[in-house]
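A short worksheet on the structure shown next.
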Amino acid sequence: MRLTRTLKAAAAAAVLVAAAACGSSGSGNGSSSGGLNPPDLKQPSELGKTEGRVNLIAWAGYVEDGSNDPKVNWVSDFEKQTGCQVSSKVAASSDEMVKLMKTGEYDAVSASGDASLRLIASGDAAPVNTDLVPNYKDVFAGLKNGSWNSVDGQMYGIPHGRGANLLMYNTDKVRPAPTSWAAVFDDAPKHKGHVTAYDSPIYIADAALYLKATRPELKIKDPYALDQKQFDAAVDLLKKQNASIGEYWSDYLKEVSAFKSGDSVVGTTWQVIASLAADEGAKVKAFVPKEGSTGWSDTWMVSSKAKHPNCAYKWLDWIVSPKVNAQVAEYFGEAPANSKACALTSDKNFCTTYHASDEDYWKRIAFWNTPIEQCLDGRTDVKCVPYAKWVQAWTEIKG
């Protein structure tokens, strides 16, 4: 489940909608996606003449041309400098992104981890020659060669940004201050009716991450690589949690409101939500618990059927350039990918708040990924539960 993550980006989307996205596995530099054998596609060795246009699929807030807010525009300068006219479509979900990419009508997409892995496996995304993207050299090391954006050391896109799923609590009503995800799992009955959780099948990974730390006998290595026994344990934990849930959230403005009113006192959140809630007077704190956390990382990928590949490469380099990447990160509410972007944010504390350059912080984050039968943790003696089964289970969990 994925939404735009700032107030302004939400306005750009016209309505706040839930979006199915299940980003990435592992933390920081990753190995290849275990068991994934993508088609043998060739990356370009050099760029040719630009084609005069580029067609993009993006999350709301990623491709802004001033039409939503005259002060928010990084498209017009791109068009002037490259001669590539931008046409973009805002996608509501990763499923929609995958479907649109299969049409061959789009040149590039800002894919989250579930979409990126599917696009790589199906051959709809082409391997990317990072030498043709000069600004790639300044991308934080922890975003390169991840299990969600590369296979066997071959990058399939250019990292855009990243964020963590945090535990937020009301400092007046939740005492002592929690240190663990136990606050929303084993200890959830203490706040029955006032616990909130992210409304998405990928939230099963949050339960798996907690079980990885608290039930070592399950031998969970990767919260996105669950055999049937491990998966059943995570589902059972979430079914127990359901009795204490007041609301599953997908509209983050509603989560801000719920924490302000006291309807919610503990649950999952994003940094942008925590900041908004605090700014509006809610007595909240948010942090990564001792078990670590899940999170997202988005990647700009080029279609293997791109009609305007040269303009697509120009866009990849533009969107990850320091100034533009800083603008997008602040507007959207995530840590930028380019290490030089932090010096250019309007809020000089922005990158500190979002832990942009703190690689030790990101090593604690298991980025969203797509569960597949070929276990992403490298096991070959069992089959893992694929994402379609996660979707079915989520319906059962919520009742």
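The values are calculated or read from the model by the stated rules, or taken from the named source; none is laboratory data. For clarity, every value in this text was computed on a predicted model and none was experimentally measured. Glycine also receives a Cβ, built like all others from the backbone with ideal geometry; neighbour counts cover every protein chain displayed.
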Qualifying positions in the stretch 90-112 - in a helix (DSSP H, G or I) and out of contact with any strand residue (DSSP E or B) (no Cβ under 6 Å at 6 or more places or on another chain): SER94, ASP95, GLU96, VAL98, LYS99, LYS102
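Yes/no matrix, rows are residues, columns are (1) without any contact (Cβ under 8 Å) to a residue 40 or more places away in the chain; (2) more than 25 Å from ALA58 (Cβ to Cβ); (3) part of a loop (DSSP other than H, G, I, E, B); (4) in contact with a Lys or Arg (Cβ under 9 Å, 6 or more places away or on another chain):
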| residue | (1), (2), (3), (4) |
| --- | --- |
| LEU253 | no, no, no, no |
| VAL256 | yes, no, no, no |
| PHE259 | no, yes, no, yes |
| THR268 | no, no, no, no |
| VAL272 | no, no, no, yes |
| LEU276 | no, no, no, no |
| LYS285 | no, yes, no, no |
| PRO289 | no, yes, yes, no |
| THR299 | no, no, no, no |
Contacts under 6 angstrom Cβ, first residue in the stretch 62-84 being under 23 Å from ARG162 (Cβ atoms), partner surrounded by 14 or more Cβ atoms within 10 Å (Cβ to Cβ) and acidic (Asp, Glu), 6 or more apart: VAL72/GLU64; VAL75/ASP65
2 or more residues crowded, with 24+ Cβ neighbours inside 10 Å and under 20 Å from the mean Cα position of the chain (by Cα): qualifying helices (runs of 4 or more DSSP H) within the stretch 312-399: 322-332
Test: residue in the stretch 163-175 that is in contact with a Leu (Cβ under 6 Å, 6 or more places away or on another chain) and either surrounded by fewer than 23 Cβ atoms within 10 Å (Cβ to Cβ) or at pLDDT 95 or above (or both): no
GLY262 vs. criteria surrounded by fewer than 16 Cβ atoms within 10 Å (Cβ to Cβ), on the phi > 0 side of the Ramachandran plot and at pLDDT 95 or above: yes
Qualifying position, being touching a Cys at 6+ places or on another chain (Cβ under 9 Å), assigned to a loop (DSSP other than H, G, I, E, B) and closer than 19 Å to LEU376 by Cβ, among ALA225, ALA205: ALA225
